[in-house]
Amino acid sequence: MPKIAILIYSTYGHIAELARKEAEGVKAAGGQVDLYQVEETLSEEILKYMKAPGQPHDFKVLTPADVEVLTGYDGFLFGIPSRFGSFPAQWKTFWDATGGLWATGGLHGKYVGQFVSSGTQGGGQEVLPRNTLSIYVHHGMNYVPLGYKDTFAEQTNLEEVHGGSPWGAGTFADSDGSRTPSPLEEKVAFTQGKVFTEVLIKAEGGAAGATNGVQNGAQQKTLDPKAGGATGNDVTGGEAAAAAGVGAGAGAVGAGAGAVGAGAAPAAGAGAAPPADAATATNTGTTAATGAATTEKGAAGTAGASTGAAANTTTAKPTAAASKPATTEKAAGAKKTNPAKDVKEEKSKCCGICTIM
Ligand SMILES: Cc1cc2nc3c(=O)[nH]c(=O)nc-3n(C[C@H](O)[C@H](O)[C@H](O)COP(=O)(O)O)c2cc1C
């Protein structure tokens, strides 16, 4: 049974509400879930000025001193409200305390899903998740996107306003925070929790004995299953030895990420890992490819991303474009000789979709 932590920040409760639906989905798929929130960093005075109702009571506060608690989990569902299309300072403050985990690889190989809230339609439903990728990439975590597969009807529903995207569930709070998550948005959040857990169950199947995915001898804090009170969230801080030999399942996914991740993730154990199936490969491919696109090698990253995604469904061998990001000059040069561009120019009078096929 995968252990999943839902970690959020929520000023007005929208993210907290989606998080509870995500938790229901995790449980429906047979996962174990604990609810956490990062610490508030704003003063009471400012929060009062912002008319913030106070942090939700059913989410245990994880302070920067508690970050090692994360090593006791297989995966995370992160809930983040938009701040100018990016994450709030409270979120960054928490992650800025994870340098020790970064150095020891304490979160390496773990899985991440994400859901968001914004006031408006252009407020960050997609760009916010993208803006968080650097944190996950540096920690070596695998982003598991929602995609469309399980929520196609909801995501393609243009009859009503709704948040969410293939990056994950989402809701609109409206500019004054008055809108609450709709049934459609809650359904998507539930489904995300469920399918995220199913992905982890699948990964665990190939990673017997590596439930927590802890590598490099990192120490981990665990939750005492006997403690926890009503919410099961009490952190006991018991130390456990790191599991040796992180599983083949994680290696398989890592191999996929290595294939498309612009050569940035040469996954250990990839050779021994069985080939990732199409679903997993697509997931990691999307993640790593998008991660590549966030590098400073903008043009090259994007090129690598599309090439890498294609390669991921067929072979684990990175293409030259994916494995070696070009410099800006090189990217410009590559553009001149890009056959796809020639095709595009030839077909410039058509709708444009076929030029990228
Ligand atoms: C400082 C600040 C900046 C914000 N920036 C944006 C923004 O750029 N776009 C947007 O749509 N909403 C923005 N919002 C609205 C929040 O995203 C919204 O209140 C939040 O998603 C509600 O979620 P919560 O109830 O879980 O806090 C901003 C809110 C604050 C306080």
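The values are calculated or read from the model by the stated rules, or taken from the named source; none is laboratory data. From a predicted model like this one, the values you see are computed outputs, not experimental measurements. So basically every Cβ, Gly included, is an ideal-geometry build from the backbone, and we count neighbours across all protein chains shown.
Couple of notes before you dig in:
- Residue in the stretch 100-108 that is of a type in the set (Phe, Trp, Tyr), surrounded by fewer than 23 Cβ atoms within 10 Å (Cβ to Cβ) and away from the ligand (no atom under 16 Å from the Cβ) present: yes
- Tally of residues being within 17 Å of the chain's Cα centre (by Cα), surrounded by fewer than 20 Cβ atoms within 10 Å (Cβ to Cβ) and away from the ligand (no atom under 16 Å from the Cβ) across the stretch 61-94: 0
- In the stretch 114-146, the residue that is nearest to the ligand (Cβ to nearest atom) out of those that are surrounded by fewer than 19 Cβ atoms within 10 Å (Cβ to Cβ) and not in a loop (DSSP other than H, G, I, E, B) is VAL127.
- Boolean, GLU185 is at pLDDT 95 or above, within 16 Å of the ligand (Cβ to nearest atom) and not β-branched (Val, Ile, Thr): yes
- ALA97 vs. criteria modelled with pLDDT of 95 or more, in a helix (DSSP H, G or I), away from the ligand (no atom under 16 Å from the Cβ) and of a type in the set (A, V, I, L, M, F, W, C): no
- All of (1) within 23 Å of ASP174 (Cα to Cα); (2) among the β-branched types (Val, Ile, Thr); (3) in contact (Cβ under 8 Å) with a residue 60 or more places away in the chain hold for ILE6 with one exception: (1).
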